[in-house]
1. Taking springs between alpha-carbon atoms closer than 10 angstrom, which of 165, 23, 233 fluctuates most in the Gaussian network model of the chain?
2. Could you sort the peptides 48-55, 26-33, 222-229, 83-90 by per-residue average Cβ neighbour count (10 Å cutoff), highest mean leading?
3. Between helix 129-143 and the chain, what is the angle of the helix's C-alpha long axis to the longest principal axis, kept within 0 to 90° and rounded to the nearest 10?
4. Given the options 67, 251, 263, which has the most mean-square fluctuation in a GNM of the chain, springs set between C-alpha atoms less than 10 angstrom apart?
5. Could you work out how far helix 262-274 tilts from the main Cα principal axis of the chain, as a 0 to 90 degree angle to the nearest 10?
6. Relative to the longest principal axis of the C-alpha atoms of the chain, give the angle of the C-alpha long axis of helix 278-292, reported between 0 and 90° and rounded to the nearest 10°.
7. Tell me, rounded to the nearest percent, the portion of alpha carbon pairs in the range 5-118 spaced more than 22 Å apart.
8. Measure off 7 Å from each Cα along the Cα-to-Cβ vector at residue 148 and residue 36, then give the distance between these two points in nanometres to one decimal.
């Protein structure tokens, strides 16, 4: 396979594809900024091509060339691609159109989702009450500090709220460093906090936020306002994910990892919003326990991506 590199570096994708030696083998990487005829000659030498996140004009030329040449192509979707995927196909007389309503969830979907949130949150509260007790005792016995940690986060339409979590770090962990993401082996994390974070059980107190209507069981990860503002400097479309309430679990949490780039998290969240259904929510809820115990899903990060 040939990898045509876009503006957003996709080395993580190359690593994942190369890990499947039985199926993929990326032998060469070339930038889309090279001469288009040179890229086409390269494509002719391979069985398939991966097109990275590049400008639409260049990608369209390469897609059409692959189509004509009967060469298999894999494309990294752009934000606009995700928005188009769920559009309704119309034929206005003899002109095909694609209609995107762009309203988030309909009124009916919002009512269904709220009922779903309340019912599931109450069931979780009963089911995980022993975990609440054990975690509270363990945290309290570690340094006698508070059991819960409150932090400002963003939810639907950019509204701010205070999220509840089990405290996994030392008291005043960001007093000197300021707001930064936790990294792998972070010395601020308590011993019991490592277990809670590795299994994502530190998120359980968010059941309270769900019952209060500030969050949903399923939705985009609730980001901090300062970190979201920093991300939006490089990815201004990041605000698009706030068409729905933030969630305890979600499409990006299940199919991504803790250190998945914010750009890719945005794409996953938009995929969820565009194809929301009650069945999809139930599927993601059932998949969540599995990813809670996967190490790669909770890997730390060292910088904003």
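No lab work stands behind these numbers, since they all come straight from the coordinates. Quantities reported herein were computed from a predicted structural model and do not represent experimental measurements. All Cβ positions, glycine included, derive from the backbone under ideal geometry; neighbour counts span all protein chains shown.
1. 23
2. The most tightly packed comes first, giving 48-55, 222-229, 26-33, 83-90.
3. 80 degrees
4. Looking only at 67, 251, 263, the biggest GNM fluctuation is shown by 67.
5. 90 degrees
6. With both axes taken from Cα atoms, the answer is about 70 degrees.
7. It works out to 52 percent of all Cα pairs.
8. 5.9 nm
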